[in-house]
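Read the structure below first, then the notes.
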Amino acid sequence: MLNSLFCRAAWRPSRAAKTALGLALLSSSALGQQVNQSLSIGDLSSGYNREMFWLALWAIVISIIIFVGVSWALFYTVQKFREDKNDAAPAQFHGNNRLEVTLVAVPVVIVIVLALLTVRAMARLNPTPAGAYPVTAVAAQFYWNFEYPNVKVDAAAGTGLVTNGNEMIVPSKTKIAVTATSRDVIHGFWVPNLGGQRDAIPSVKKTWQIDNDKAGVYQGNCTVLCGASHANMRFKVIALPEAEYQQFVSAAQAYKAPVAAAGTAAAAGYTIFMQGKGGAGACAACHRVQGTAAAGQSGPDLSFFGSRRTLGAGVWEGADVDTHLHQWIKASSSIKPGSVMPHYDGSTQGYPTLTDQELTDLEAYLKTLQLPDEGNYWMKISALVPDAPVPAAQNPTPSSVNAITSASTAMNGGK
Ligand code: CUA
């Protein structure tokens, strides 16, 4: 009976589930070449990490004292009352009140001390200081949009807030009040070098502080299993000194997406971006581009796409962006498992099939979406911090490379 119950209850993964699991495991290791990133909660240039370091140090010191004390008592007792040293049976007694009270009181005091230290750390870290700089991190399957509540787009350039997808730009040496939320399922926001992890929950807004004394590039990851590409939901934080950060802000506020000259590939790409093909599949329905009519909210913001150095929420960086962009637009989930962007190869109902030329035109348009040099945060950080892990810039002209199609087809079992 029990046996049959067991058999019935046993999970037999379907082929599809196995493939999905395999892809998810594969995706965390095989996708994307990343420039060397040091992920560390031991980065003590973050005030958050310093607080946690001291808390952990206290707990470790107290634990070592307890370990040494208990070990000493154990060895002392074993040694003193060894049978070969004691002919007579040891004295029997019970009810030593002083010993019993001590054995209860000491652990209680230890727990109280650790609790007080923990509450003190929480009280220091959880409220955000009045002057903290606000950034909203909006998570979705499988990307991030970073909005700046204090940074409105100039009236001459467009409407709304300055927003960037998957690359978060912040001032260094400043407390950042991050508000995390989600558009779909629960995600997790974590940049180990800057501070603690928080869940990004639909219709909930959680605010806390992160900070770092050093300008630099910091790797962030989603920390809550949120679907097939959970491991591919990455982002980068670029912390610029205050003056450089303000230059980025001014350039971003005034940014108006460039208008491509008539007759160019970028102009053809712009038309597809805004209108789709045959009246269907406009990119603008899901993506926003500052300074244009594209105001879609269900995909990552593409306003500064040409200046970005990551693709697919940080799965690809540098030259890999150029290598994968074509296939990414064509059929994103073929190279990033679970990606919800519709395919443009005829396999998503209601969406047009784009020719290679049309995809190249779209790429050409996307690559024109560049901040002016004075606002280009990657150029700034690589000049300021030469050893920062900065990916190479995108190639300004689209590559029609499509060599990975066969590999991705194989990954999907020939489908
Ligand atoms: Cu989003 Cu895991």
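State whether one or more residues within region 271-279 are in a helix (DSSP H, G or I), at pLDDT below 95 and open to solvent by 50 Å² or more (accessible area, probe 1.4 Å). Taking every residue of region 271-279 in turn, at least one turns out to be in a helix (DSSP H, G or I), at pLDDT below 95 and open to solvent by 50 Å² or more (accessible area, probe 1.4 Å). Within region 235-244, is even one residue within 16 Å of the ligand (Cβ to nearest atom) and more than 28 Å from A123 (Cβ to Cβ)? Among the residues of region 235-244, at least one is within 16 Å of the ligand (Cβ to nearest atom) and more than 28 Å from A123 (Cβ to Cβ), which makes the answer yes.
Applying the criterion of at least 1 residues that are open to solvent by 90 Å² or more (accessible area, probe 1.4 Å) and either in contact with a Pro (Cβ under 9 Å, 6 or more places away or on another chain) or at pLDDT 50 or above (or both) to the helices (runs of 4 or more DSSP H) found wholly in region 1-89 leaves 15-30, 47-80.
Does L103 satisfy the condition of being at pLDDT below 95, open to solvent by 50 Å² or more (accessible area, probe 1.4 Å) and among the aliphatic types (A, V, I, L, M)? For L103, the condition - at pLDDT below 95, open to solvent by 50 Å² or more (accessible area, probe 1.4 Å) and among the aliphatic types (A, V, I, L, M) - is met.
Taking the listed residues V224, V249, V204, V178, the one that is in contact (Cβ under 8 Å) with a residue 12 or more places away in the chain, within 27 Å of G306 (Cβ to Cβ) and either within 19 Å of the chain's Cα centre (by Cα) or open to solvent by 30 Å² or more (accessible area, probe 1.4 Å) (or both) is V178, with no other qualifying. Exactly one residue out of A215, A261 is aliphatic (A, V, I, L, M), in the same structural domain as V178 (by TED's automatic domain parsing), away from the ligand (no atom under 16 Å from the Cβ) and farther than 22 Å from H187 by Cβ: that is A215.
Under the condition of being open to solvent by 20 Å² or more (accessible area, probe 1.4 Å) and more than 18 Å from Y344 (Cβ to Cβ), the residues counted in region 358-376 number 5. When the criteria are applied in full, R183 meets the requirement of being outside the structural domain of G299 (by TED's automatic domain parsing), within 16 Å of the ligand (Cβ to nearest atom) and more than 27 Å from M122 (Cβ to Cβ).
The values are calculated or read from the model by the stated rules, or taken from the named source; none is laboratory data. Note that the coordinates shown come from a computational prediction; the quantities given were computed from them, not determined experimentally. Neighbour counts run over all protein chains shown; Cβ positions are idealised from the backbone, glycine included. The accessibility values were calculated without ligands, DNA or RNA, using every heavy atom of the protein model including side chains. Shrake-Rupley method; radii C 1.70, N 1.55, O 1.52, S 1.80 Å.
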